[in-house]
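This report concerns only the one structure given below.
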Amino acid sequence: MRPGDRAAAVRIERERAEIPFAGGVLVPICARSIDRYNLPGILARWRQRAFGMFLTQFPASPDRTRAWLQSLVVDDSRLLFLLMCDGRPVGHLGVMDLDRETPELDNLLRGAHGGGPEFVLRAEGALLEWLRTRIGVLRLRLGVFADNRRVIALHERCGFRARATWTAVRTQPSPLEVRYEIERRAPGTGERGYCIMRRVLQPHRLPAGRSCETCKSAKAAPYFSPAEEFCGKRSKRGARFYLFPHVRKEIDGRCLL
């Protein structure tokens, strides 16, 4: 699925998708769910507690959060999922820029206890696989403050690798609001760093000759991936993958089927 064709899929999946994983389920926020769990109040409290981890920092309120949610659920280039455990929301995780070749994972926040120590790790892994198989995303990026080592380690366990550390320049447009603008240069003394991470979502590795359970096709086109998929370099020694007709037909700009 090309970036320009994802909007229709996003509209459909926002209303019906549920992504189960061990210990919980990811549920997309839609217009109907804003008041179902009192999301404006809950998300405002969560954001206020994690005040320093956002690029834009301001006193969060239910009214402002409601306005943000209402704009989010009509934006076909992004999705925000609730992390549900035992029928209650304990966090959220989203993806934006779905109309671009490389969307961005964003809005990872755990606001309540539940699900065990690896709950968010399992949720992120489930979302990555869903994005690959349902929305056709093969590359992802994300950004996180470089001093947030715990979240960086979490993303690394999900296969992301740091590609650069840029400078987050602090500005204060109003007495109650702080913004960080990202500049593409190494941070200097006393400046806050912002880590850029990327991941390639490779197709499943399948043995030669295996038929696809989805389209029943036995004609799979081989694709040789780089030995190190995160460095961006080509290698003669690669891992062999097999792509079936229902899977996205292009990767790295090359036609496969």
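The values are calculated or read from the model by the stated rules, or taken from the named source; none is laboratory data. Not measured: the values here are computed from a predicted model. Cβ: placed from backbone, ideal geometry, glycine included. Neighbour counts: every protein chain shown.
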Exercise. Is it true that some residue in region 100-119 is part of a helix (DSSP H, G or I), crowded, with 16+ Cβ neighbours inside 10 Å and in contact with a helix residue (DSSP H, G or I) (Cβ under 6 Å, 6 or more places away or on another chain)?
Worked result: no
For this session: Looking only at region 136-150, decide whether some residue is touching a Cys at 6+ places or on another chain (Cβ under 7 Å), of a type in the set (Val, Ile, Thr), assigned to a helix (DSSP H, G or I) and in contact (Cβ under 8 Å) with a residue 24 or more places away in the chain.
Result: no
Exercise. Could we say that Arg78 is charged (D, E, K, R) and either under 24 Å from Val144 (Cα atoms) or surrounded by 15 or more Cβ atoms within 10 Å (Cβ to Cβ) (or both) here?
Worked result: yes
Exercise. Hey, among Arg16, Arg45, Arg78, which residue is closer than 20 Å to Gly143 by Cβ and among the basic types (Lys, Arg)?
Worked result: Arg78
Seminar exercise, completed: Within region 49-68, the residues that are hydrophobic (A, V, I, L, M, F, W, C), closer than 29 Å to Trp166 by Cα and part of a helix (DSSP H, G or I) are Phe51, Met53, Trp68
Problem set entry | Conditions (1) at pLDDT 95 or above; (2) surrounded by fewer than 18 Cβ atoms within 10 Å (Cβ to Cβ): number failed by Leu140 | (2)
Seminar exercise, completed: The residue that is surrounded by the most Cβ atoms within 10 Å (Cβ to Cβ), considering only those in region 26-54 that are more than 21 Å from Arg66 (Cβ to Cβ) and either modelled with pLDDT under 95 or outside the structural domain of Gly136 (by TED's automatic domain parsing) (or both), is Met53
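Only one of Arg36, Arg66, Arg16 is out of contact with any helix residue (DSSP H, G or I) (no Cβ under 9 Å at 6 or more places or on another chain) and over 30 Å from Glu101 (Cβ atoms). Can you tell me which? Working first, answer last.
Details: Arg66 fails: out of contact with any helix residue (DSSP H, G or I) (no Cβ under 9 Å at 6 or more places or on another chain); Arg16 fails: over 30 Å from Glu101 (Cβ atoms).
Of the residues listed, the single one that is out of contact with any helix residue (DSSP H, G or I) (no Cβ under 9 Å at 6 or more places or on another chain) and over 30 Å from Glu101 (Cβ atoms) is Arg36.
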Seminar exercise, completed: Among residues of region 152-185 being small (Gly, Ala, Ser) and within 25 Å of the chain's Cα centre (by Cα), the residue modelled with the lowest pLDDT is Gly159
For this session: Take region 6-52 and flag every residue that is out of contact with any Pro (no Cβ under 7 Å at 6 or more places or on another chain) and of a type in the set (Phe, Trp, Tyr).
Result: Phe21, Trp46, Phe51
Exercise. Has region 202-214 got any residue that is at pLDDT below 95, exposed (fewer than 13 other Cβ atoms within 10 Å of the Cβ) and closer than 23 Å to Thr56 by Cβ?
Worked result: no
For this session: Go through region 21-33 and give me each residue that's more than 16 Å from the chain's Cα centre (by Cα) and either within 21 Å of Leu138 (Cα to Cα) or not in a loop (DSSP other than H, G, I, E, B) (or both).
Result: Gly24, Ala31, Arg32, Ser33
Exercise. Do the conditions hold for Gly188, that is, is it in a loop (DSSP other than H, G, I, E, B), modelled with pLDDT under 95, assigned by TED's automatic domain parsing to the domain that holds Met96 and touching a strand residue (DSSP E or B) at 6+ places or on another chain (Cβ under 6 Å)?
Worked result: no
